[in-house]
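Here is the structure we will look at, set down as structure tokens.
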Amino acid sequence: MATAPGTGYQDPSAEVLTEAAAAFGLLASPARLHLVWTLIQGESDVTGLAERVGGALPAVSQHLTKLKLAGLVRSRREGRRQVYFVDAAGQAAVVDVVRLLVGRLAERDAAGTGSARRLRGL
């Protein structure tokens, strides 16, 4: 690993960068990002998530499957329901990034500064 001159920080390994890029790739979908944001707020079943994010049940289910396979979302069975949640301890970095980025963009949007539009096309 190389060290950035004058900072003392070591560059991450290729494996770490690949894993981070995969996580960001999954979160590049507005629907999946909305699902993760919603699950950070609290656990839910697929029906509740579909209602909250305004998606069709099959589409939400497919997004959850991808997020689950990537380890960003977990689930447990409660009777006949499958309850989804974000493991905040296991995915602390992802949770922090989503909270920070989406939270700040939402605040700016509410304030009318329109920062979300400035990010398009980067």
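Every number in this text was worked out from the coordinates using simple rules, so none of it is lab data. On a predicted model such as this, the values are computed, not experimentally measured, just so you know. Cβ sites come from the backbone with ideal geometry, for glycine too, and all protein chains shown count toward neighbours.
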Cα-centre dipole for segment 1-66 with unit charges at Cβ (Lys and Arg positive, Asp and Glu negative), debye to 20: 180
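Kindly identify segment 14-119 as rounded, prolate or oblate by the Cα gyration tensor criterion: order the square roots of the eigenvalues as a ≥ b ≥ c, call it rounded if a/c is under 1.5, otherwise compare a/b with b/c, prolate if a/b is larger, else oblate. Don't skip to the answer; put the middle values down first.
Working: a/c = 1.86, a/b = 1.26, b/c = 1.47.
It is oblate, given that a/c is not under 1.5 and a/b is not larger than b/c.
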DSSP loop (so not H, G, I, E, B), at most 15 other Cβ within 10 Å: list which chymotrypsin sites (Phe, Trp or Tyr not before Pro) in segment 8-52 pass both filters. Tyr9
Express in nm, to one decimal, how much length is gained between Glu51 and Lys68 on full extension, taking 0.36 nm for each residue of separation and deducting their alpha carbon distance. 4.2 nm
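Want the number for Ala89 to Ala106: 0.36 nm per residue separation, take away the alpha-carbon distance, what's left? All intermediate terms of the calculation are to be shown ahead of the outcome.
Numbers: separation 17, 0.36 × 17 = 6.12 nm, distance 2.41 nm.
Additional length available on full extension: 3.7 nm.
Counting helices only, and only those DSSP H runs with n ≥ 4, report the 222 nm mean residue ellipticity of the chain as the sum of -39,500 (n - 2.57) divided by its residues, in deg cm²/dmol to the nearest 500. Before the final figure, lay out the partial values.
Details: 6 runs with 72 residues, N = 122.
Rounded to the nearest 500, the figure is -18500 deg cm²/dmol.
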Dipole of segment 14-119, positive direction: furthest Cα of Leu26, Val95, Ser61, with charges on the beta-carbon: Ser61
Given springs between every Cα pair under 10 Å in a Gaussian network model of the chain, which of Ser75, Ser13, Ser44 has the largest fluctuation? Ser13
In a shell of Cβ-Cβ distance under 15 Å around Val36, excluding Val36 itself, what net charge do Lys and Arg (+1) and Asp and Glu (-1) give? +3
